[in-house]
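Engineer: Attaching a single structure in structure tokens format; questions to follow.
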Amino acid sequence: MVSYRPYNFTLSIKMNEFSIEDRLERLLKYFELKAQVFQAGPLTHPASFQSNSEHGYIHVLRKGKLLLKSKCKRSRLLEEPCVFFYMNTINHQLVPQNNEVDIICASFEFGAALKNPLIKALPDMIFLKQDKIPTLLNSLALLFAEAEENHCGRQAILDRLIEIIIIQLLRDLMDENRLQIGLLAGLADPRLAKAINAMHAEPARQWPLEDLAEVAGMSRAGFARGFRDIVGSTPGNYLVEWRLGLARSLLSRGKSVQFVADAVGYGSASAFSRVFTLRQGVSPSVWRKQTI
């Protein structure tokens, strides 16, 4: 058994520049996606994956019969090509049931590990059959073709292709409304997306509920209710989480506490530190030292 454990930061964007097409752009800009493929080809032995707050796992089953096991979910027999990934990772195990299992496995992270609003809003595990995601078929074909070759640069190409596939999966979750609650569900709603994009673009701005409702083109009460029901959080709490996610991303890049406090809308470094410590459990300075 094998066990695997594997800046251009712009805040000022004009209000009239928001569009539905920007839904993932800022998330991927502020939280850099990095992936690393460590299994590409036949899997002939059980493989265990340990929970890790720093990265998630994605598995792309091309063919074969595979048993997916985890402590907190019922075992699942996979017999068709599929993609499944763990954003909030849990212990799981892949057990081949025949000699035909062909699979690609990778670890991935979004800047500041997995602690950002996008990841926190997703289920622990997402499973999709490949025939249900036709927009990914070309990318998957390229991925498997590269995995079969042994050309120079193979690892780098596999890593980049997996990153593309993860982005396409996130886009598919929105476009097909596959999630009923969470950030991607909110971004799939044309009106809520305008308000979420506004907060993403200007995190340092004070955002009264009335202003966000106006951006969304909704009444104050309707916006507050719709945001809570679909995103699963109040607009105010979401804004705090977004600011802290950006703060972690900036701190991990070595930015000073004062710089981060200004960038995410706190009047002073001390005010920012109080909120950060309350939510994170350690001060910004300590967190940065632990991360860099």
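The values are calculated or read from the model by the stated rules, or taken from the named source; none is laboratory data. This is a predicted model, so every value here is computed, not measured. Heads up, the Cβs are rebuilt from the backbone with ideal geometry, glycines too, and the neighbour counts pull from every protein chain shown.
Engineer: Do any helices (runs of 4 or more DSSP H) lying entirely in region 154-235 carry at least 2 residues that are within 26 Å of Leu137 (Cα to Cα) and within 20 Å of the chain's Cα centre (by Cα), and which ones are they?
Structural biologist: Numbers: elements: 154-175, 183-188, 190-201, 209-216, 220-231.
Here the list reads 154-175, 183-188.
Engineer: Still on this structure, please answer the following. Please determine whether any residue of region 247-257 is surrounded by fewer than 20 Cβ atoms within 10 Å (Cβ to Cβ) and over 30 Å from Ser285 (Cα atoms).
Structural biologist: no
Engineer: Here are some conditions: (1) on the phi < 0 side of the Ramachandran plot; (2) over 20 Å from the mean Cα position of the chain (by Cα); (3) modelled with pLDDT of 90 or more. Glu149 meets all but one. Which one does it not meet?
Structural biologist: Only one criterion is unmet by Glu149, namely (3).
Engineer: Might you check whether a residue that is outside the structural domain of Glu109 (by TED's automatic domain parsing) and under 28 Å from Val83 (Cβ atoms) occurs anywhere in region 198-209? Before you say what the answer is, go through the steps one by one.
Structural biologist: As a first pass, look at region 198-209 and keep what is outside the structural domain of Glu109 (by TED's automatic domain parsing): 198-209.
Subsequent filtering for residues that are under 28 Å from Val83 (Cβ atoms) retains 200.
Yes.
Engineer: While we're looking at this one, here's another question. Could you tell me whether Ala147 is touching a strand residue (DSSP E or B) at 6+ places or on another chain (Cβ under 8 Å) and surrounded by 18 or more Cβ atoms within 10 Å (Cβ to Cβ)? Let's see the steps before the verdict.
Structural biologist: Values: touching a strand residue (DSSP E or B) at 6+ places or on another chain (Cβ under 8 Å): yes; surrounded by 18 or more Cβ atoms within 10 Å (Cβ to Cβ): yes.
For Ala147, the condition - touching a strand residue (DSSP E or B) at 6+ places or on another chain (Cβ under 8 Å) and surrounded by 18 or more Cβ atoms within 10 Å (Cβ to Cβ) - is met.
Engineer: Among the residues of region 169-202, how many are of a type outside the set (A, V, I, L, M), over 15 Å from Leu122 (Cβ atoms) and out of contact with any Phe, Trp or Tyr (no Cβ under 6 Å at 6 or more places or on another chain)? Can you show your working first?
Structural biologist: The first filter runs over region 169-202 and keeps only residues of a type outside the set (A, V, I, L, M), leaving 171-172, 175-178, 180, 182, 186, 189-191, 194, 197, 200, 202.
If we keep only those that are over 15 Å from Leu122 (Cβ atoms) as well, we get 175, 189-191, 194, 197, 200, 202.
Filter again for out of contact with any Phe, Trp or Tyr (no Cβ under 6 Å at 6 or more places or on another chain), leaving 175, 189-191, 200, 202.
So the count comes out to 6.
Engineer: Restricted to region 28-55, and to residues that are buried (at least 19 other Cβ atoms within 10 Å of the Cβ), modelled with pLDDT of 85 or more and within 19 Å of the chain's Cα centre (by Cα), which residue is nearest to Glu109 (Cα to Cα)?
Structural biologist: Ala35
Engineer: Further, regarding this structure: Identify, from the list Ala221, Ala216, Ala195, Ala185, the residue that is farther than 23 Å from Leu24 by Cβ and hydrophobic (A, V, I, L, M, F, W, C). Steps first, please.
Structural biologist: Values: Ala216 fails: farther than 23 Å from Leu24 by Cβ; Ala195 fails: farther than 23 Å from Leu24 by Cβ; Ala185 fails: farther than 23 Å from Leu24 by Cβ.
None of the others qualify; the one that does is Ala221.
Engineer: Turning to a different aspect of this structure: For region 88-95, indicate whether the set of residues that are outside any loop (DSSP other than H, G, I, E, B) and modelled with pLDDT of 95 or more is non-empty. Even if it seems obvious, please write down each step before you answer.
Structural biologist: First, the residues of region 88-95 that are outside any loop (DSSP other than H, G, I, E, B): 92-95.
From what is left, the residues that are modelled with pLDDT of 95 or more are 94-95.
Among the residues of region 88-95, at least one is outside any loop (DSSP other than H, G, I, E, B) and modelled with pLDDT of 95 or more, which makes the answer yes.
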